[in-house]
Amino acid sequence: MTSVLLTGATGFIGQAVQAALAWEDVEVHTVSRRDVDLLDETAMRSYVGRIRADVLVHLAWCADPARFWTDPENLTWARRSISLLEAFIENGGGAFVGAGTCAEYFAMDTPYAAAKASFWREASRLCARRGVRAVWARIFYAFGPGEAHERLLSAALMRLVQGELVVLREPESRLDYVYVADVGRAFAKLTRCSEASGEYDVGMGQARTVMELVRQAAAVAGLDGRLVVGGVEAGSIRMVVADTARLRTVGWAPEMSLSQGIARLWSGLRSELQ
């Protein structure tokens, strides 16, 4: 049976990937901060040496919603992730699946996107030299139950339920929102498909404006409220949509529509509020 080492397993995306892998014929070894500090090279190498997995699915990164865009630890994670990949290969690992970000397409001036892109460049070269299958899955705007309250849809719904204004700073930006369980399924497909290699976009393949997204969330939740535009900067309108053609070649397609996903997100938020 194929063994998989999954880092970041307790995170928002990690839980979805773990759930999707549970349906596959694989043995999953999860890594979270409770198990080992991946930034501690000695502890990390010892752990990887004990597991000796066939596939490394690497999701762990600095992900504090309030600071990840500019966190200096992005560079630390890029360096330590290469060390992790080296240790994995040294212990017989044969395939690597890493989590990229759609921010690599539009925000390369941020430490987050720059560090992710830098890591993938070095990781892909390392894997090519060592004959290891390498996949880079750029995640677009994942959403769903359990997401941070600071994220767009959760933040808007929480403000609406409290009767507060929702201020939209980029109302005309068009973003590709994809349900988190579909992201998990994409990673499971890329993990299991021996033909998968290179770069993939993980999104719905459809973009909606921020205004449309928030209005749909309010409608699904049955909430009335005021949406106002404020603080829009010149040149701030973005168009961020996934090209899912390559991902569909491994047998993946999104199963959850935007409205269905929002309904599940809202159900989770209501449970938290009770």
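The table below gives the values:
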| read-out | value |
| --- | --- |
| Rg/Rh (Cα only; Kirkwood hydrodynamic radius) as it applies to the range 1-139 | 0.94 |
| Angle between the chain longest axis and helix 41-51 axis [Cα atoms, degrees, rounded to 10] | 70 degrees |
| Estimated translational D of the chain in µm²/s (Stokes, Kirkwood radius over Cα pairs; 20 °C; 1.002 mPa s) | 111 µm²/s |
| Computed [θ] at 222 nm, deg cm²/dmol, the chain (DSSP H ≥ 4; -39,500 (n - 2.57); rounded to nearest 500) | -13000 deg cm²/dmol |
| Helix 12-21 vs. the chain, principal-axis angle (Cα, 0 to 90°, nearest 10) | 60 degrees |
| Cα long-axis angle, helix 210-221 against the chain (0 to 90 degrees, to the nearest 10) | 80 degrees |
| 14 Å tail of the calculated P(r), the range 132-188, as % of Cα pairs | 65 percent |
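Any read-out appearing in this document is the output of simple, stated calculations on the displayed coordinates, not a laboratory observation. Note that the coordinates shown come from a computational prediction; the quantities given were computed from them, not determined experimentally.
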